[in-house]
Structure formats: C-alpha cells, structure tokens
Amino acid sequence: MKGITVEGVARSFGEVHAVRSATFDVAPGQVAGLIGPNGAGKTTLLLMLASLLAPDAGSIRIAGYDPVTEPHQVRRRMGWMPDALGSWPSLTVRAALTTSGRMYGMSSDAASDRAADLIALVDLDALADQPARVLSRGQKQRLSLARALVHDPEVLLLDEPASGLDPAARASLRELVRRLAGDGKTVLVSSHVLAELEEMADTAVYLAEGVTAAPDDVARAGQTARGWRIRSLDAERLGAALEAAGFGAVAVVERFGAVVPLASEADAAQLLAHLVGVGVPISSFAPAVGDLEHVFHDLNRQGGEA
Amino acid sequence: MSGFLRGMWLIVTLDLRQRVRGVAWYVLLGVFVLLVSLVTVLTVIASNAWDTGGGAVFSGVVFFVLLLGTLVSPALSGNAINGERDAGTLATTQVTLITTAQLVIGKWLAAWLTALAFLAASVPFLVFGIVLGQISAATIVISVLVLAVELAVIAAVGVGLSGVLSRPLFSVVVTYLVVAALSVGTLIAFGLGGASIQSNVRQTLIAVDYQALDENGLPPESGEVPCLTPTVNTYQTPRFDAVWGFLAANPYVVVADASPITFDELGSPRDLFGWIAVGVRQAQHAPDLEPVSDECSTFKPDGLWQDSDYESPQEVYDRSVPSWFVGFAIHLLLGAGALAWAWRRSDVPVRRLPAGSRIA
C-alpha cells in the first residue's frame with residue numbers, strides 16, 4: 001500500500017522508551033493528525049518515519065518503501081518539516097530553497113524555478129532575497145514548510161507546522177494541506193493545537209506514552225458523554241428551562257452560556273428542539289470542545305485510570 | 001560516480017558560501033598576509049638572503065603557513081558537523097538524497113580549501129623566496145605538496161571529530177589537542193624520553209705528555225711522541241636514538257624531511273628544512289659508548305691535529321634513513337580514520353544514539 005503504514009514500531013533511548021508500540025495507516029489523499037501530550041513520542045515517531053532514526057522493532061512503509069533498508073527511495077518521496085527551526089543563516093530564502101532542490105538532484109534551473117514557485121506559495125516574496133537569519137519565527141516556519149515541499153513529495157510529515165504562525169498564515173497552511181491531500185498526497189501532521197487539526201485532518205492518530213490508541217478505544221471515547229455549550233439571548237430563561245428539563249444539577253452556567261453534558265448527538269438534537277419549543281431564544285448550540293480534543297482528553301483519562 | 005561528485009560539490013559550495021560570507025574571514029586572511037610579510041622581511045635580514053639565496057625565506061614561509069594553518073584550521077573545521085546539528089540544518093540535509101559520505105567528504109574538502117586559502121595568500125612570498133634563488137625545483141614542489149596534504153590531515157581530524165563528538169566546543173578543543181600533540185607533544189616526548197634513558201659512556205683519553213717535548217714543542221730525539229697513561233672518564237649521555245621515532249610524527253619534521261636537501265660546499269644545508277632534517281637524522285645514531293680520544297697518535301708537531309671523527313651535516317644526512325613517510329603515513333591514517341569514524345557516527349537512520357546526543 002502507498003501512503004504511510006506503521007506496524008508495532010518501538011524505539012527506546014537507553015532506559016527511556018520513547019515509542020513503545022505504534023500502529024496506524026494513513027491512506028493517500030488523507031490528512032492524519034498525530035495527537036498526544038508532550039513527551040508522548042510524536043517527534044521520535046516522525047524521526048523514524050523520516051528515515052533519520054531506525055526503530056528497535058516493528059515495520060514502517062513510506063510510499064511502499066522501508067526507511068531502514070531503502071532510505072534513498074523513501075527520501076525521494078517524502079518531505080519532512082522538523083519541529084526544530086533550522087536554516088542556513090547566511091543564505092537567502094531563495095538560495096536556501098534552490099540548494100535544497102539541488103540536494104534532491106534537480107538541475108540548477110529546475111531548482112531555482114521550483115524555489116520561485118514555493119516562495120510565492122508560502123508568501124515570502126518580500127523576503128526572498130534576505131538572508132534567513134533576519135526571518136521571524138513564523139517566517140522561518142514557512143520557509144521550512146517550503147523546503148519540505150521542494151521535491152513535490154507524495155508523503156508529507158509535518159511536525160508542529162502551525163507553531164509560530166499568525167492566523168492568516170494558519171489559514172493558508174490549512175488550505176495548502178487540504179489542497180495537497182486533494183492532489184492525492186499523504187499528510188501526517190502533529191500538533192498540540194487540536195482546534196487547528198480539527199479543521200484539516202480526516203483521521204487522527206492518538207499517541208500517549210509511546211502507544212497509539214487502538215481504533216476501538218478511539219471509537220468508544222468518541223461516544224462518551226461530552227459537554228455542549230448553549231448560549232441564549234436570555235440567560236435566565238435558559239437556566240429555568242434547563243432546570244425544568246432536569247439538567248439543573250449537571251449544567252454549569254458560566255459567562256459564555258451553559259455547558260450541559262449529553263451522551264449522544266441524538267440527545268443534543270432532542271434538547272435543542274425542546275429548548276426552542278419552550279421559547280428560549282437560542283443563539284448558539286455546539287460541542288464545548290472539538291471531536292479531537294474530546295477523544296484526546298477521554299483517552300488520557302482512560303490511560304490515567306488504567 | 002558523477003552523481004556522487006555533484007552532491008559532494010554542492011556540500012562544499014554550501015559550506016564555503018556560509019563561511020566566506022563573513023567579514024571576519026577576510027580580516028583573518030589580511031592579518032595573516034601582514035604576518036607573513038613581517039616574517040619574510042625578518043628572515044631576509046636574518047639570513048642575509050641577498051647573498052645566500054632564498055632557501056631560508058622559502059622554508060620559513062612554508063613553516064609559517066603550516067603554523068597558522070594548524071592554529072586556525074581546528075577552529076574552522078572542528079564544528080563542521082556538530083555545529084550544523086546544533087543549528088538544526090544537519091537533519092534537513094540528511095533527509096535529502098545527499099548521502100552521509102557526500103556530506104562528510106564535502107565538509108572536509110570545504111575545510112581543506114579554507115586552509116589552502118592561507119597557502120594561496122602566501123604564494124607571493126614563496127615566489128619572492130624562489131626569485132632569491134638557490135632552491136631546487138624538487139624542494140619547491142615537494143614541500144608545498146606535503147604542506148598541502150598536512151593541512152588536509154588537520155582539516156580531516158577537525159571534521160572527523162566534529163562528527164564523532166556531539167558538542168562543538170569540545171570537538172574544537174580536542175582537535176587543538178591533537179594538533180598540539182603532533183606539533184609540540186612529539187618534541188616533549190622526544191626530549192623527555194631521550195633524557196630519561198641514559199647510558200654510561202666510558203671515555204678513554206690518551207694525552208700527549210707535553211712536558212716530555214723539547215723546547216720547540218717537538219718530540220725528543222727518538223721521534224716517538226711521548227704519551228701519558230690513558231685515563232678513563234665515565235659520564236652519562238641521553239639516548240635520543242631510542243626515541244627519535246617520535247619526531248617522525250611531527251608535521252614540521254615531515255615537511256622538512258620530505259623535501260630534498262641541497263648542501264653548500266662545506267656540506268651544510270641551505271635552508272631550514274635541511275637543518276631540521278639533519279637534526280632528526282643525527283638523533284637516529286647511537287652515541288659511541290666507548291670513545292677513545294687518542295691525541296697522541298694523531299699528534300702533529302705543528303700543533304694542528306684533526307679529529308678524525310668529525311662528520312659534516314651532509315655525511316650525517318647521507319648515512320641515515322629518511323623518516324618522513326612513516327610520519328606521513330601515520331597522519332594520513334589519522335585523517336582517514338577520523339573521517340571514517342565521523343561517517344559511521346553520522347549515518348542515518350541512526351541505530352545507536354549516544355547518550356545526550358540528538359538527531360535534529
């Protein structure tokens with residue numbers, strides 16, 4: 001299979017087991033979010049996928065090739081954006097991208113054409129001929145993204161791509177990632193900003209203490225009760241209506257409205273219909289946390305209890 | 001193969017572009033030229049070069065380039081790989097199609113070319129020495145070639161250690177220590193080693209009985225030179241012949257000993273290379289532990305007696321073996337070994353990661 005296939009991958013550094021058991025697939029055309037708390041092993045996992053670190057156990061296929069035995073084939077097809085910012089300080093943005101292109105065996109002309117395209121793509125035109133050392137964090141992040149794309153890879157590994165980006169750049173990153181997926185690329189994005197991933201990821205890989213969550217657990221976690229935030233033009237009537245409907249004990253009323261735990265979407269629809277029916281002026285009715293975040297917290301809680 | 005060279009050359013140019021862009025580098029080169037011109041002027045005065053030829057100037061400048069090269073090169077090459085790792089640019093190179101061998105060799109060539117810039121800047125002074133005359137073409141070619149290779153060795157040690165050790169400061173310091181061990185450490189080992197191995201010398205002296213000579217200082221009637229009873233002195237002497245091998249590993253000795261030597265009419269070398277080579281080769285010979293100094297048998301009535309044991313530098317040189325290729329081979333192995341080690345340590349995907357180090 002093309003895309004990314006990871007099975008039973010483990011890697012330890014001495015006594016520290018950074019990744020214990022990671023198993024997941026990402027199909028071409030999909031964007032997968034890699035989600036986990038700090039120290040869960042996300043960066044270690046990405047380093048193994050990027051052919052920089054050999055796993056102790058398990059197998060990895062990137063675009064059908066094994067990064068340990070066929071790193072050359074993998075590197076031809078894989079673009080990696082590291083979490084650590086690094087750029088050659090005295091080279092201009094244009095020169096850095098051209099050099100990266102040539103490292104993938106492009107001719108000078110092809111590499112400089114590609115560099116010009118990418119500069120426009122990540123919106124660095126104004127800084128194209130400035131040395132990389134003058135770039136801000138967000139601008140370096142965009143340069144790093146452009147470098148990962150320089151050889152038009154079919155698999156893209158992005159480690160915290162949104163950190164340091166302003167809202168406009170985040171929006172264009174999201175758009176770019178969706179477009180790449182639309183072109184049939186496979187994208188794996190790690191991030192702490194779950195709301196960010198919510199908007200671009202098709203699927204998610206949850207990693208906690210070096211173990212990926214099993215699909216069953218993820219499905220179960222998605223079905224547990226979650227908070228819904230309800231806002232009304234008339235807070236007092238909303239409170240009274242919730243009380244009357246039997247939610248008085250569990251509803252948390254706060255400045256931004258009331259948060260009510262509901263077991264399923266069906267329950268949510270029912271409650272909304274009821275509230276509207278009794279004449280409460282509802283202005284907003286939505287999950288208090290995103291799907292990814294809900295599952296993430298729930299899995300963490302399960303892990304904590306286990 | 002052409003693909004290999006292309007990728008390697010890309011690394012060389014990338015490295016040089018980052019290094020040479022700095023103003024500091026040109027300032028350094030300017031200071032170097034100033035120092036070399038100073039050395040040249042002083043050597044011309046000291047060696048009376050207008051009359052005796054340019055041998056001293058040429059050899060002096062070559063040694064000065066070696067000295068400066070060994071002092072500057074570790075700082076420029078000793079962080080080539082781990083410095084990039086710290087800057088976060090090593091891993092982004094390693095995920096491309098650039099192989100580890102291309103990376104390590106490219107870095108080494110860039111460091112070497114940087115050191116060779118010092119040699120290039122000193123060319124006018126070398127030419128000046130050649131114009132002054134009395135230097136053989138073989139000396140010019142061989143000494144410059146050996147110098148260039150010695151600079152390559154130091155660049156290889158620096159780049160190699162930067163791939164083996166994870167902290168840039170530490171690898172630069174260790175490179176300096178290696179250079180110091182070769183340049184100064186060998187001298188210390190030679191001096192202390194020789195001095196600590198002492199042998200007893202029994203010197204027999206057979207002196208002339210000057211009181212038995214007649215008033216003209218001639219032997220009496222019989223014609224026989226009157227001799228005193230032989231006296232025996234014992235003293236200790238250092239055995240440099242046991243430790244001379246240390247000197248073979250000294251880069252200055254390698255350059256000097258490799259260069260063909262020209263001698264003047266008295267059998268003395270014409271340049272610094274020659275004096276060093278003769279000195280090293282003198283050390284190869286075991287001292288005579290039972291010398292007999294027989295003034296009596298060589299006595300001439302005119303008072304002139306020749307010590308038949310005297311050897312000119314040329315005679316010493318001719319009856320001993322050259323050592324430079326031993327030192328040269330050691331240096332080449334050291335450089336190649338350092339690069340090979342760096343290659344093994346930097347290869348990705350990493351299997352064994354030393355404690356405290358990181359990939360990206």
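Where Lys and Arg each count +1 and Asp and Glu each count -1, what net charge lies around A:V93 among other residues with Cβ under 14 Å from its Cβ?
+2
Excluding ligands, DNA and RNA, what is the solvent-accessible area per residue of chain B at a probe of 1.4 Å, expressed in Å²?
48 Å²
Grab every C-alpha pair in chain B, bin the distances at 10 angstrom width from 0 up to the longest one, and report whole percents.
Once binned at 10 Å, the Cα pair distances of chain B give 5, 19, 23, 20, 14, 9, 5, 3, 2, 0, 0.
So between B:Q282 and B:R319, what do we pick up on full extension, going 0.36 nm a residue minus the alpha carbon distance?
12.4 nm
Let me check something: with ligands and nucleic acids excluded, how do A:H192, A:H72 order by accessible area (1.4 Å probe), largest to smallest? Present the calculation step by step, with values, prior to reporting the outcome.
On the way: A:H192 95, A:H72 75 Å².
Output order, biggest surface exposure first: A:H192, A:H72.
Under a 1.4 angstrom probe, counting protein chains only, how are A:R178, A:R220, B:R239, A:R226 ranked by accessible area, largest first?
A:R220, A:R178, B:R239, A:R226
Lys/Arg Cβ at +1, Asp/Glu Cβ at -1, dipole of region A:88-153 taken about the Cα centre: which of A:A148, A:I119, A:L135 is farthest positive-ward?
Checked the options; the winner is A:L135.
When only Cα pairs under 8 Å and 6 or more residues apart are kept, what is the percent relative contact order across region A:222-305?
44 percent
Roughly what angle does helix B:272-282 make with the longest principal axis of chain B, taking Cα atoms, 0 to 90 degrees, to the nearest 10?
That helix lies at roughly 60 degrees to the long axis.
What is the Rg over Rh value, at two decimals, for region A:4-212, using alpha-carbon atoms and the Kirkwood definition of Rh?
Looking at region A:4-212, the ratio lands at 0.96.
Give me the summed buried accessible area for the A-B pair, 1.4 Å probe, to the nearest 100 Å². Walk me through the intermediate numbers first.
Values: alone 14720 and 18790 Å², together 30760 Å².
The buried area between A and B, both sides summed, comes to about 2700 Å².
So how do B:F63, B:F246 rank on accessible area, 1.4 Å probe, biggest first, that is with the largest at the start?
Descending order: B:F246, B:F63.
Report, to two decimal places, the Cα Rg of the protein assembly as shown normalised by 2.2 N^0.38 Å (N = number of residues).
So the protein assembly as shown has a normalised radius of gyration of 1.50.
Compute log10 of I(q)/I(0) for region A:18-119 with the Debye formula, placing one identical point scatterer on every Cα and leaving out solvent, at q = 0.10, 0.13, 0.16 Å⁻¹, to two decimals.
Result of the Debye calculation: -0.37, -0.61, -0.87.
To check you understand DSSP bridge types, tell me what percent of the beta bridges within the protein assembly as shown (both residues inside) are antiparallel, rounded to 5.
65 percent
State the Cα centre-to-centre distance between region B:330-345 and region B:251-267 in whole Å.
Answer, in whole Å: 29.
Can you pull the percent of chain A's accessible area that's carbon plus sulfur, 1.4 Å probe, other chains left in place?
Carbon-and-sulfur percentage of accessible area, whole number: 51.
Looking at region A:108-206, I'd like the Rg to Rh ratio, where Rg is from alpha-carbon atoms and Rh is Kirkwood's inverse mean 1/r. If you can, show how the numbers build up before the last one.
Numbers: Rg = 13.6 Å, Rh = 14.2 Å.
Here Rg/Rh amounts to 0.96.
Relative to the first principal axis of the alpha-carbon coordinates of chain B, what is the inclination of helix B:100-121, with its axis defined by its Cα atoms, in degrees from 0 to 90 and to the nearest 10?
Its long axis makes an angle of about 50 degrees.
Using a simple charge model, +1 on the beta-carbon of Lys and Arg, -1 on the beta-carbon of Asp and Glu, nothing else, what dipole does chain B show about its Cα centre, in debye to the nearest 20?
So the magnitude is around 3640 debye.
Under a point spin-label approximation (7 Å from Cα along Cα-to-Cβ), what is the A:E243-A:D109 distance to one decimal in nm?
Between A:E243 and A:D109, the label points sit 8.0 nm apart.
Just to verify a number: FRET efficiency for A:A273 and A:T203, C-beta to C-beta distance, R0 = 30 Å, to 0.05?
0.45
Find the relative contact order for chain A and round it to a whole percent, using C-alpha pairs within less than 8 Å whose residues are 6+ positions apart.
21 percent
Counting DSSP beta bridges in chain B, what percent are antiparallel, to the nearest 5? Don't skip to the end; give the middle numbers.
On the way: 10 of 13 bridges.
For chain B, the DSSP antiparallel bridge percentage is about 75.
Projected onto the charge dipole of region B:244-343 (+1 at Lys/Arg Cβ, -1 at Asp/Glu Cβ, origin at the Cα centre), which of B:V280, B:A342, B:Q314 gives the Cα projection farthest towards the positive end?
B:A342
Report which residues of region B:1-47 become buried by 50 Å² or more of accessible surface when going from the isolated chain to the complete set of protein chains (1.4 Å probe; DNA, RNA and ligands ignored).
Buried-area filter returns B:R6, B:L10, B:L14, B:R17, B:Q18.
Hey, got the dipole for chain A? About the Cα centre, +1 on K and R Cβ, -1 on D and E Cβ, debye to the nearest 20?
That gives chain A a dipole magnitude of about 700 debye.
Shape of region A:250-291 from its Cα gyration tensor (a ≥ b ≥ c, root eigenvalues): rounded if a/c is under 1.5, otherwise prolate when a/b > b/c, or oblate?
Here region A:250-291 falls in the oblate category.
Which residues of region B:73-92 end up with at least 10 Å² less accessible area in the presence of all protein chains than when their chain stands alone, using a 1.4 Å probe?
By number: B:A87, B:G88, B:T89, B:A91, B:T92.
Per DSSP H run of at least 4 residues, take -39500 (n - 2.57); add these up for chain A, divide by its residues and hand me the 222 nm value, nearest 500 deg cm²/dmol.
-12000 deg cm²/dmol
Ignoring ligands and nucleic acids, what accessible area does A:W228 show with a 1.4 Å probe (Å², nearest 10)?
Estimated to the nearest 10 Å², A:W228 gives 20 Å².
Which residues does the label zone of B:I330 cover in region B:179-204, counting backbone N under 12 Å from a point 7 Å along Cα→Cβ?
B:181-190
When all alpha-carbon pairs of region A:177-299 are counted, what percent fall beyond 20 Å?
More than 20 Å apart: 53 percent of the Cα pairs in region A:177-299.
Expressed as an acute angle from 0 to 90° and rounded to the nearest 10, what is the orientation of the C-alpha long axis of helix A:108-121 relative to the principal long axis of chain A?
20 degrees
At a 1.4 Å probe, what is the % contribution of carbon and sulfur to the accessible area of chain B?
66 percent
For a quick check: with amide H placed at 1.01 Å from N, whose amide H comes under 5 Å from A:S21's, ignoring anything fewer than 5 positions away on the same chain?
Amide H neighbours of A:S21, under 5 Å, 5+ apart: A:V211, A:T212.
Using a simple spin-label model with points 7 Å from Cα along the Cα→Cβ vector, what separation in nm is obtained for B:E311 and B:V173?
4.5 nm
List the residues of region B:274-293 whose backbone N lies under 12 Å from a point placed 7 Å from the Cα of B:I197 along the Cα-to-Cβ direction.
It comes to B:284-287, nothing else.
At 1.4 Å probe radius, can you tell me the per residue accessible area of region A:222-305 in Å²?
Accessible area per residue, region A:222-305: 57 Å².
So how far, in whole Å, is the C-alpha centre of region B:59-80 from the one of region A:53-113?
Answer, in whole Å: 35.
What does the charge count near B:T186 come to, summing +1 for each Lys or Arg and -1 for each Asp or Glu among other residues with Cβ under 15 Å from its Cβ?
Values: positive: none; negative: B:E150, B:D257.
Here the charged neighbours net out to -2.
The values are calculated or read from the model by the stated rules, or taken from the named source; none is laboratory data. Source: prediction; values computed, not measured. With ideal geometry, Cβ positions are generated from the backbone for all residues, glycine too; neighbour counts draw on all protein chains shown. Keep in mind that these areas ignore ligands, DNA and RNA; they rest on the heavy atoms of the full protein, side chains included. Shrake-Rupley method; radii C 1.70, N 1.55, O 1.52, S 1.80 Å.
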